[in-house]
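Written below as C-alpha cells is the structure these notes are about.
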Amino acid sequence: EELCSVTCADVSPAWDFFTVRDAKTEAGNRDVPIHSDLLETIQRLHRNSKDGFLIPSTARNNHGKRSDPLGKRFGRLKEEMGHGPELVFHSIRKTVATVLENAGVAEGVAADILGHEKTTITYGLYSGGTSMENKAKAIENLKYRWEG
C-alpha cells in the first residue's frame, strides 16, 4: 500500500528519491532512493499519471486501498507462473531485505530503506538516520533482471 500511495509530488525534483508518507509506523515515513535501473520507469509513470499517483490503480473500494487490484493481479500472475501460496506480494519486501543483508549492508541502513524501527539506543534513539547517499549506495545492490 505504501508504494501505491506515492504521489507524483512525492518524487524529488532531482529524481533521486521518493517520499513515503502516512505509513503504518513513524519509521515507515521515509525517503527511499530511486534505483538507477528504475529511474526511467519512475519518470514514465510520473509523466503518464492521470490522477497524481505514481502507480496507476483501478481501486474503487471504501477503504482507499489502492494496492488491492495490484495485489490480486500479482496473485493471478504468480499462479499462472506456477508459484504457490508461499509467494506473496510482500515477498518482494523480504527479497529486498535478504539482498541487502547478503550484500553486507548494515542493518540500520536496511531498516531506514525498508521503514523499520531501529531498537537500539544508539541508532534508534540518537541517530538522525542514514544519509541519502548511503541509502542510495545500498539500494544499488539490488539487481533487476527478467528471467522469463
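To keep it simple, each residue is scored yes or no on (1) free of Cβ contacts under 8 Å to residues at least 12 places away in the same chain; (2) among the hydroxyl-bearing types (Ser, Thr, Tyr).
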residue: Ser5; (1), (2): no, yes
residue: Phe18; (1), (2): no, no
residue: Asp31; (1), (2): no, no
residue: Gln43; (1), (2): no, no
residue: Arg66; (1), (2): no, no
residue: Lys72; (1), (2): yes, no
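Would you mind stating whether Ile113 is within 24 Å of Asp16 (Cβ to Cβ), hydrophobic (A, V, I, L, M, F, W, C), part of a helix (DSSP H, G or I) and touching a residue at least 60 places away in the same chain (Cβ under 8 Å)? Taking the combined requirement at face value, the residue satisfies it.
When segment 63-75 is filtered for residues that are of a type outside the set (Lys, Arg), more than 14 Å from the chain's Cα centre (by Cα) and not in a helix (DSSP H, G or I), the ones remaining, listed by number, are His63, Gly64.
How many residues, within segment 8-24, are open to solvent by less than 60 Å² (accessible area, probe 1.4 Å) and either under 18 Å from Gly128 (Cβ atoms) or modelled with pLDDT under 95 (or both)?
From segment 8-24, those open to solvent by less than 60 Å² (accessible area, probe 1.4 Å) are 8, 10-12, 17-20, 23; that's our starting set.
From what is left, the residues that are either under 18 Å from Gly128 (Cβ atoms) or modelled with pLDDT under 95 (or both) are 17, 19-20, 23.
Number of matching residues: 4.
Candidates Lys94, Lys78: the one that is assigned to a helix (DSSP H, G or I), of a type in the set (Lys, Arg) and touching a Leu at 6+ places or on another chain (Cβ under 6 Å) is Lys78. I need a count of the residues in segment 116-142 that are surrounded by fewer than 15 Cβ atoms within 10 Å (Cβ to Cβ), free of Cβ contacts under 8 Å to residues at least 40 places away in the same chain and under 23 Å from Lys24 (Cβ atoms). The qualifying residues number 6.
Provide a single number: the residues in segment 25-64 that are at pLDDT below 85 and open to solvent by 90 Å² or more (accessible area, probe 1.4 Å). Talk me through it step by step, then tell me what you get.
Taking segment 25-64 first, the residues at pLDDT below 85 are 26, 58-64.
From what's left, open to solvent by 90 Å² or more (accessible area, probe 1.4 Å): 26, 58, 60, 62-63.
Residues meeting the conditions: 5.
Quick check: is even one residue across segment 81-91 within 23 Å of Leu142 (Cβ to Cβ), out of contact with any Ser or Thr (no Cβ under 6 Å at 6 or more places or on another chain) and of a type in the set (Val, Ile, Thr)? The answer is yes; a qualifying residue exists.
Restricted to segment 65-104, and to residues that are open to solvent by less than 100 Å² (accessible area, probe 1.4 Å) and among the polar types (S, T, N, Q), which residue is modelled with the highest pLDDT? Only one residue fits best here, namely Thr98.
The values are calculated or read from the model by the stated rules, or taken from the named source; none is laboratory data. Predicted model only: the values in this text are computed from it and were never measured. For neighbour counting, all protein chains shown are included, and Cβ atoms are generated from backbone atoms with ideal geometry for every residue, glycine included. Each accessible area value is taken on the protein alone, full model and side chains, heavy atoms only, with ligands, DNA and RNA left out. Shrake-Rupley method; radii C 1.70, N 1.55, O 1.52, S 1.80 Å.
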